[in-house]
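Before any comments, here is the structure.
Please treat every number below as a calculation from the coordinates, not as lab data. On a predicted model such as this, the values are computed, not experimentally measured, just so you know. Note that each Cβ is placed from the backbone with ideal geometry, even for glycine, and that neighbours are counted across all protein chains shown.
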Amino acid sequence: MLEINNLHCKIEGRSILKGVNLKVNKGEIHAIMGPNGSGKSTLANVISGHEDYEVTKGNLYFKSNEINELSASERAHEGIFMSFQYPVEIPGLTVTNFIKTAINETRKAKGLDEMSSREMLKKIREKSSLLDIDSKFLSRSLNEGFSGGEKKRNEIFQMAMLEPELAVLDETDSGLDIDALKIVANGVIKYSNDDNAVVVITHYQRLLDYIVPDFVHVILDGKVIKSGDKSLAKKIEDQGYDWLKKEKK
Amino acid sequence: MDFKEKLLDSHLAFEQDVDLLHPIHKYRKEALKRFEEGGFPSKRDELWKYTSLASITQKDYHLSPTTDSNIELKDIKKYSLNDIDSFKLVFIDGVFSPFLSKTTHDGMDICVLSAAISKSKYKKTIKKYFSKIVPEDDNLSSLNTSYTKEGAYIFIPKGIEPEDPIQILHFATGNQNSIWLQPRNLIITESNSNVQIIERHQSLNDHKVVTNSVTEIYAENNSFIDYYKIQNDLLSSTLIDNTFISQEKDSNVSVHTFSFGGNLTRNNLRFYHKGSNISSTLKGLTILESKQHVDHNTLVNHAKPNCESHQDYKGIFSDSSIGVFNGRIIVEKEAQKTNAFQQNNNILITDKSKVNTKPQLEIFADDVKCSHGCTVGQLDKQALFYLNSRGIPEKEARALLTYGFANNVLESVKIPNLNKKIKKLIASKLGVNLGFDL
């Protein structure tokens, strides 16, 4: 579904990714781990099409099509979703109106009619209850004054509503207490099926106890330096990244 | 003859139409003298640094325009809040239209100033309130005072709470080109009363109109006033709105100013505190395009302890439009425990648009909480990316963010119909086709 070949990228003239290779198939859950500043979040932003990140070399393929030149919204229409590490506060725009616009813009791009209000409401109810989201919360301004946990739950709620084919979760677990973590993880598990794929970017093994990955990759200094199964995450939790750094040398 | 001279000369003719023995005539004469000495403000005046009236005052205007008496309800209906049978004061080219208005003297007075001036039973009230808080150094207000004749007169007695908002609607028919209007409104809310008022100035065609309006508002103890100014006039019109508010203890006054239209609009909005535990709210939303110019000049004079004021002005500027915000807060020595907040945020959509923002705090008390701040910027890039990443394309995302920025001001608009109407206005101003119901 997603194929990244020898991806190099710069931001403000600084090289961050230095030849990333990654292949994600339908039905798979991948975890990407790595210390701070290794390029994890950059990878998420590049997949989503953030304009500040300049791809200098290599290719991104989604469902066998090259997507290097697609804008962020076009990638979203194709089925790529990113859960933000720091969701942006947008005063004056309610969660409900935001999600309605997002869904209908995506439908419009696909040549579909707008979703009926009834259908929309039903879907909102279903997905919000799944994530234990209060209906009052939906009429609040997007992320404004939300706690860390509320912001992350809201991200997963958006994912559940938009039903992307590929979900990239950037540090969705950071700042969450264990109860919030379980709710968020449960949302991801419910969403995950044989037709979609999840890429979880995280510092910690903790989230991976709930969202069990099929593959674990470690990014160090802008490159995937090691891939393995879930035991790799466990080993990192126990031993940190130093052994990998040494191995690399 | 220049226009200032015409104003001075024409006063003799104006005097033939008014009662020279009425106590307020003394105010007219004194005010005319002040205007004669001071003339129109120029950019040399500190309070007019960023707004020039030269191009306006160098032209000639009709002072008592001939009106088109054929205006019907259907012509003005869309400028009125709703069809409900609420109190309305409608003025056509400065002349009151009993036919289009709904007044009352039953339990409260919602009528015209000319009636309040002429009838002896209002003499005491007029004497007590008229021109008591209009600053003498404000020449345009003096000019208005000197020509005081007509406007809204609203008197809400103790404990009365009118159910529906009262609308003050001024229309210019453009029957003649280039007219100069000077409505004068006097509003008094006695203790424990509660009223909502909507004011609007509207031209019905694109002939030149200049309105130099003065509104005096007296909020007595524990009274509540919600005042809404809708400024969405045609590009041929100029509005100088001078609003002076005197608040007694425990009173609560909010003024929302929605500035979307007009060629040049200047809002002089001043609050004077006369008692403790007062709350004053000033909110503004300005959305401009082409060469429009809107200047908000505010003053909150904290003179008594334990009062609060809250100012929040937002502006969105495209094309070559210009915004000015000059907000002054004065906290006098006696005004301990003052809580004053002021914020002015602006978005410049184009390179040619411009904002001059100047917050001013003058604090003479030592135990106060005051804050002010202003921003001038573009839309937040990360917020744009956030929306893009959810499938909302660039153009729609920009519109949605701008809408969100503006929409925030509406949270405190308490009249549901008005809220809806303004949301629609905002959407149309921003060219947003929102994917959701307003």
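Observations on the model:
- Chymotrypsin sites (Phe, Trp or Tyr not before Pro) restricted to segment B:303-376 and DSSP loop, no more than 12 other C-beta within 10 Å: B:Phe364
- Entry for segment B:379-438 at q = 0.17, 0.19, 0.22, 0.29 Å⁻¹: log10 I(q)/I(0) = -0.58, -0.70, -0.87, -1.20, Debye formula applied to identical alpha-carbon scatterers, no solvent contribution.
- Considering only B:Gln202, B:Leu143, B:Ala54, and ranking their Cα positions along the charge dipole of segment B:1-220 that arises from unit charges at the beta-carbon of Lys, Arg, Asp and Glu, the one farthest toward the positive end is B:Leu143.
- Value of relative contact order over chain B, rounded to a whole percent, pairs C-alpha under 8 Å and six or more apart: 9
- For chain A, the longest principal axis of the C-alpha atoms and the axis of helix A:95-109 are separated by about 80°.
- Translational D in µm²/s for segment B:1-220 (Stokes-Einstein at 10 °C, 1.306 mPa s, Kirkwood Rh from C-alpha pairs): 87
- Three-way shape call for segment B:59-189 based on the alpha-carbon gyration tensor, with the a/c threshold at 1.5: oblate
- For chain B, built as a Gaussian network whose Cα springs stay under 10 Å, the top-fluctuating residue of B:Asp137, B:Asp93, B:Asp226: B:Asp137
- Fewest-first sequence of A:Met33, B:Met1 by Cβ atoms within 10 Å of each Cβ: B:Met1, A:Met33
- With respect to chain A, whose longest principal axis is taken over its alpha-carbon atoms, helix A:230-239 is tilted by about 70°.
- Prolate/oblate/rounded label for segment B:232-284 (Cα gyration tensor, a/c 1.5): prolate
- Ellipticity at 222 nm from helices only: DSSP H runs of n ≥ 4 in the protein assembly as shown, each -39500 (n - 2.57), divided by the residue count, give -8000 deg cm²/dmol.
- Computed magnitude of the charge dipole of the protein assembly as shown (debye, nearest 20; Cβ of K, R +1, Cβ of D, E -1): 340
- Ascending count of other beta-carbon atoms within 10 Å, so fewest first, for A:Thr172, B:Thr104, B:Thr281: B:Thr104, B:Thr281, A:Thr172
- Those trypsin sites (Lys or Arg not before Pro) in segment A:93-134 that DSSP places in a loop and that have at most 16 other beta carbons within 10 Å: A:Lys110
- For the protein assembly as shown, a Kirkwood radius taken over Cα pairs fed into Stokes-Einstein (37 °C, viscosity 0.692 mPa s) yields D = 115 µm²/s.
- Residues of segment B:307-321 with amide N under 19 Å of the 7 Å Cα→Cβ point at B:Ser412: B:307-316
- Degrees separating the helix A:148-162 axis from the principal Cα axis of chain A, which is the longest one: 80
- Across the options B:Thr243, B:Thr103, B:Asn301, the greatest Cα extent toward the positive end of the charge dipole of chain B (unit charges at beta carbon of Lys, Arg, Asp, Glu) belongs to B:Asn301.
- A simple charge model with +1 on the Cβ of Lys and Arg, -1 on the Cβ of Asp and Glu and nothing else charged puts the dipole of chain A at about 320 debye relative to its Cα centre.
- About its Cα centre, the dipole of segment B:1-220 is roughly 360 debye, where the only charges are +1 on Lys and Arg Cβ and -1 on Asp and Glu Cβ.
- GNM flexibility winner over chain B from B:Asp19, B:Asp138, B:Asp241 (Cα, springs under 10 Å): B:Asp19
- Listing A:Leu112, B:Leu418, A:Leu7 from fewest to most neighbouring C-beta atoms within 10 Å gives A:Leu112, B:Leu418, A:Leu7.
- Comparing B:Lys102, B:Lys352, B:Lys208 in a Gaussian network model of chain B, where Cα atoms under 10 Å apart are tied by springs, the biggest mean-square fluctuation is seen for B:Lys352.
- Across every direction, the projection of the convex hull enclosing the Cα atoms of chain B has a mean area of 21.1 nm².
- Segment A:2-248 - Rg over Rh from alpha carbon coordinates, Kirkwood radius: 0.96
- For segment B:254-369: rounded, prolate or oblate by the Cα gyration tensor [a/c cutoff 1.5]: prolate
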